[in-house]
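The values are calculated or read from the model by the stated rules, or taken from the named source; none is laboratory data. Given the structure is predicted, the values throughout are model-derived calculations rather than measurements. When we count neighbours, we look across all protein chains shown, and the Cβ atoms used for this are built from the backbone with ideal geometry, even at glycine. Side chains included, ligands, DNA and RNA excluded: accessible areas come from the protein's heavy atoms. Shrake-Rupley method; radii C 1.70, N 1.55, O 1.52, S 1.80 Å.
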Amino acid sequence: MAVAHPIHRKVSNRTIVLMAAGFVAFMVGMSFAAVPLYNIFCAVTGYGGTTQAAEANPKGVIDREMGVRFDANIDAGLPLHVEPAAVTTSRIGEVQTIVYRATNLSSEPLTTTASFNVTPQTTGIYFNKIECFCFTEQTIPPNTTVEMPVTYFVDPDLDSDSTLRTIQQITLSYTFHQN
């Protein structure tokens, strides 16, 4: 008696090429989707020091105080001087407005944008900005200083996070890029 052999299905070269092309198209699509998906993830979780956006503080103010330090970094070759605000200390939940001052050191108009992060990174989800100049093009006239306000508050829920009980200061850092 002969042993029955399993039936082998022949896959044509055309099918393999179409499957490979489909896989490549999927991977290219995922590479374009990666940045927006990552940004959404960071905005929801505060990962990487990403702050939250708010219109006001609906949760009130608590007695615990938090210092906020402000920092500015400027891309190499950008003719800009930025003076960050002084460190502030206030009760958690209090809405604060501070001002960065930026001076265009050139004789031409300068258009810049600023990206930001918060450290320690785990506090990003609790740092809420009501008003901010970040990610908005700022055109500064030649040899001129402009004020760039930031209105923010630290969410009182930070105090409920046991991993952040020892945190006494948050740093908000901006990096200025030329457009």
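To the nearest 10 square angstrom, how much accessible area does F70 have with a 1.4 angstrom probe?
F70 exposes around 10 Å² with every protein chain in place.
What accessible area, in Å² to the nearest ten, does a 1.4 Å probe give for V68?
We get 0 Å² for V68.
What figure in square angstrom, to the nearest 10, would you give for the accessible area of S106 with a 1.4 Å probe?
Surface accessible to solvent at S106 totals approximately 30 Å².
Work through the residues other than H81 whose Cβ is under 15 Å from its Cβ and net out their charges, Lys, Arg +1 and Asp, Glu -1.
-3
Per residue of region 136-146, in order, report the coupling 6.51 cos²θ - 1.76 cosθ + 1.60 (Karplus, θ = phi - 60°) as ³J(HN,Hα) in whole Hz, putting x for Gly and Pro.
Taking θ as phi minus 60°, the curve returns 10, 4, 10, 9, 10, x, x, 6, 10, 10, 10 Hz for region 136-146.
At 1.4 Å probe size, put T166, T122 in order of accessible surface, largest to smallest.
T166, T122
Any idea how far apart V99 and R64 come out in nm if each label point goes 7 Å out from Cα toward Cβ?
Once both label points are built, they end up 3.2 nm from each other.
Rounded, prolate or oblate for region 53-111? Axes are the square roots of the Cα gyration tensor eigenvalues, ordered a ≥ b ≥ c, and the cut-off for rounded is a/c under 1.5.
Prolate shape, in that a/c is at least 1.5 and a/b is the bigger ratio.
Which order do F176, F116 take by accessible area at a 1.4 Å probe, largest first?
Putting F176, F116 in descending order of accessible area: F116, F176.
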